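The values are calculated or read from the model by the stated rules, or taken from the named source; none is laboratory data. Model, not experiment: these values are computed from the prediction. Cβ placement follows ideal geometry from the backbone for every residue including glycine, while neighbour counts extend to all protein chains displayed.
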Amino acid sequence: MEQIRGSQSIEFTQAPFLLSSASVVGSKESEGPLGKLFDMVNQDDLFGAQTWEEAESTMQKEACVLALGKAHVDAEKVRYLYGGDLLRQGIATSMGVEALQIPMFGLYGACSTSGEALALSAMSVAAGYGEYMLAVTSSHFGSAEKEFRFPLGYANQRPLSAHWTVTGSGAFLVGTQKSHVRISGVTVGKIVDYGLKDSQNMGACMAPAATDTIVQNMKDFGRNPEDYDRIITGDLGYIGQSILFDLAKGKGYDIKSKHMDCGMTIFDQETQDTHAGGSGCGCAAVTLAAFILPKIEKGEWKRILFVPTGALMSTVSFNEGASVPGIAHGIVLEHC
């Protein structure tokens, strides 16, 4: 009970450590500002598979194998795997990690899934349920367009508010061994729904949830934005970021000077035609693995609040005219 902070947060007495990470991406991501930082790049976005869905599964498997290899940990030593994706019934994850034969929990938090998986992995390690936990997530532009929007051959026009789904997978090994990055706390997000129904403007749908989690984290831990080197959202993009600033300021928190968004970082808006920025489960995950964690490991950033954001919709809910709720989970990462 001494680990409970406020109404939504946990501060770990024995903080679990982030032992290793891996990032696997496609061709467009390799052409962006972070292109040289990813562990694996495949210029064939099918990754040698026959379908977009199989390609996404391949990315997940490769990311898991890479993360385990970096830490020199065999798959059989991992107690539980927490993983998810954007597809129906989490099929990319279940097919992707099947060969590893690790007991798994399939998750769905839309683009916030990396935060959900990291939170549950950290909680499990801190509770003594196992020495190692593996968190993994992915998204693929082809499979996401096929499921949520239009087949690629349809050549539909995308509004300026639309995001570009990142083709990528990020995996993270969480454990008890000491490393240069520890997960010191989590703030589990609530579903926040402002009644928006435009699924092509996910930044606006997710910004209220991101605001809610960030503000709650400050209250639960008794902190201010200045206590973090960066407050990093998953994929609000350019539109969602401006809404986040306004909403947070309305609640008494000016986070503008501390904020970074993974969806605005992974692509070059001027040269890559991604409109509002990147999105998808893989967006926050690969940016964390390739760009954010190295800065924490080196001590360039001492403490950050990582807040992956998700728009909770399905093809059914959208076609039935339902609104698009948002959710965001906060992970506090510190340099050791």
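Would you mind listing the strands (runs of 3 or more DSSP E) fully within region 1-90 where at least 3 residues are surrounded by 15 or more Cβ atoms within 10 Å (Cβ to Cβ), among the small types (Gly, Ala, Ser) and in contact with a strand residue (DSSP E or B) (Cβ under 8 Å, 6 or more places away or on another chain)?
17-25
Can you tell me how many residues in region 91-131 are acidic (Asp, Glu) and either in contact with a helix residue (DSSP H, G or I) (Cβ under 7 Å, 6 or more places away or on another chain) or part of a loop (DSSP other than H, G, I, E, B) (or both)?
Total meeting the criteria: 1.
One line per residue, one yes/no per condition, for (1) aliphatic (A, V, I, L, M); (2) in the same structural domain as Ile214 (by TED's automatic domain parsing); (3) modelled with pLDDT under 90:
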residue: Gln269; (1), (2), (3): no, yes, yes
residue: Ala285; (1), (2), (3): yes, yes, no
residue: Ala289; (1), (2), (3): yes, yes, no
residue: Leu293; (1), (2), (3): yes, yes, no
residue: Arg303; (1), (2), (3): no, yes, no
residue: Met313; (1), (2), (3): yes, yes, yes
residue: Val316; (1), (2), (3): yes, yes, yes
residue: Ala322; (1), (2), (3): yes, yes, yes
residue: Ala328; (1), (2), (3): yes, yes, no
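Keeping to region 24-43, report how many residues are within 12 Å of Gly170 (Cβ to Cβ) and modelled with pLDDT under 95.
The number of residues fulfilling the criteria is 1.
Take the residues of region 292-323 that are assigned to a helix (DSSP H, G or I) and out of contact with any strand residue (DSSP E or B) (no Cβ under 9 Å at 6 or more places or on another chain): which is nearest to Lys256 (Cα to Cα)?
Pro294
List every residue pair whose Cβ atoms lie under 7 Å apart, where the two residues are 6 or more positions apart in sequence or sit on different chains, the first residue falls within region 315-330 and is within 18 Å of Gln89 (Cα to Cα), and the second residue, located anywhere, is of a type in the set (Phe, Trp, Tyr).
Thr315/Phe148
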